[in-house]
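Okay, structure first, notes after.
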Amino acid sequence: MFNLTPSSNQFIIQKNGVEVFLKREDLLHPLVSGNKFRKLKYNLQEAKKQGKDTILTFGGAFSNHIVATSAAAKLSQLKSIGVIRGEELGGENLEKTLLQNHTLRNAKEMGMQLFFVDRETYRNKEKQSFIEALKNKFGDFYLVPEGGTNDLAIKGCEEILTEADKNFDVVCCPVGTGGTVSGIINSSYEQQHILGFSALKGDFLKDEVAQLVKKKNWEIIIDYHFGGYAKVDRTLIDFINDFKTHYNVLLDPIYTGKMIYGIFDRIEKEEFTKNTRILAVHTGGLQGISGVNKKLIKKNLPKINT
Ligand SMILES: Cc1ncc(COP(=O)(O)O)c(C=O)c1O
């Protein structure tokens with residue numbers, strides 16, 4: 001069903017006595033890349049086991065999760081429905097939206113049925129009454145929550161670290177909902193320290209993650225959100241473009257770019273002890289760059305070079 005490129009660890013840098021390797025989960029699959037494959041794998045198996053023929057999920061207009069779910073469902077011979085935040089994007093504006101929005105166009109091309117709802121309705125995405133209303137409208141489906149995080153997603157993310165990663169002292173991962181880092185924590189070795197770099201502003205993710213894991217060998221770093229979720233500035237763009245030039249690896253500006261910036265900053269400030277070996281997980285998300293670049297052009301900022 002999925003022809004996967006096994007994820008490999010690419011050496012990036014040795015500085016101030018610290019070595020950094022990048023786990024190239026972004027190369028796993030062209031459409032279902034990074035943590036998305038890990039999160040969806042057992043959910044798709046479960047959908048089939050339950051005899052469901054449709055996956056329904058939620059997301060914003062540039063969501064990596066929406067595109068990945070549309071592609072993964074198609075590859076698994078399942079139908080997919082995406083409930084998208086932003087009523088104004090649908091209806092008579094749909095044609096224009098699809099022309100301008102690469103994420104939603106890709107999802108549609110993968111056969112996803114797009115259902116646009118206003119922001120207030122979208123906030124009910126976890127309410128049983130809203131789910132029932134969606135079942136009345138679309139018929140039965142297998143529900144994958146926004147961002148794809150649930151117990152089966154965490155189980156899939158436990159497969160990111162392997163036996164071969166045992167000798168890394170620190171494992172770093174970007175955090176949105178906390179599912180990916182929770183899987184990594186669950187499968188980490190006792191002597192390893194897991195650092196989750198929050199893509200969101202605020203200090204609430206440590207409580208979310210604490211509910212999902214039992215181990216204590218982790219920490220959520222909250223200093224590298226660049227103003228909040230999906231916020232970018234010139235410093236971050238320059239960093240991502242320089243990184244591409246030096247290491248020939250493209251980073252996304254919402255998750256992995258901010259994490260790698262944070263790791264480099266901490267190395268610069270000598271916050272890691274000498275001889276620390278760091279493994280940073282590249283969780284993909286590269287499809288979102290074209291949407292970010294459109295915003296950057298409007299703000300007269302440089303683009304991310306792809
Ligand atoms: C590319 C990418 N990296 C990292 C994350 C964060 O993952 P999680 O929501 O499991 O914390 C996401 C969001 O799902 C993502 O799209």
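A few points about this structure:
- Residue order, fewest to most surrounding Cβ atoms within 10 angstrom, among Glu190, Glu87, Glu146: Glu190, Glu87, Glu146
- Between Glu190 and Tyr247, the modelled labels are 3.1 nm apart [label points 7 Å from Cα along Cα→Cβ].
- Between Lys294 and Asp223, the FRET efficiency estimated from the beta carbon spacing at R0 = 35 angstrom works out to 0.80.
- Cα convex hull volume per residue for the chain (Å³): 134 Å³
- Computed Kirkwood radius, in angstrom, where 1/r is averaged over Cα pairs of the stretch 36-148: 14.0 Å
- Approximate spin-label separation Phe204-Lys269, in nm, with each point projected 7 Å along Cα-to-Cβ: 2.5 nm
- Fully extended contour minus Cα-Cα distance, from Gln10 to Lys216, at 0.36 nm per residue: 71.4 nm
- Computed E for Asn124/Ala164 - FRET, C-beta separation, R0 45 angstrom, nearest 0.05: 0.55
- Violating pairs (Cα-Cα greater than 20 angstrom) within the set Lys52/Lys135; Lys48/Lys135; Lys39/Lys303: Lys39/Lys303
- Exposure proxy ranking for Lys41, Lys201, based on other Cβ atoms within 10 angstrom of each Cβ and starting from the fewest, stands as Lys201, Lys41.
- Loop-resident trypsin sites (Lys or Arg not before Pro) (DSSP state other than H, G, I, E or B) in the stretch 87-174 with no more than 12 further Cβ atoms inside 10 Å of their Cβ: Arg123, Lys127, Lys166.
- Here the relative contact order of the stretch 36-148, from alpha carbon pairs under 8 Å that lie six or more residues apart, stands at 35 percent.
Rule-based calculations on the coordinates, nothing more; no lab input. Predicted model, so just to flag it, every value in this text is computed and none were measured. Neighbour counts run over all protein chains shown; Cβ positions are idealised from the backbone, glycine included.
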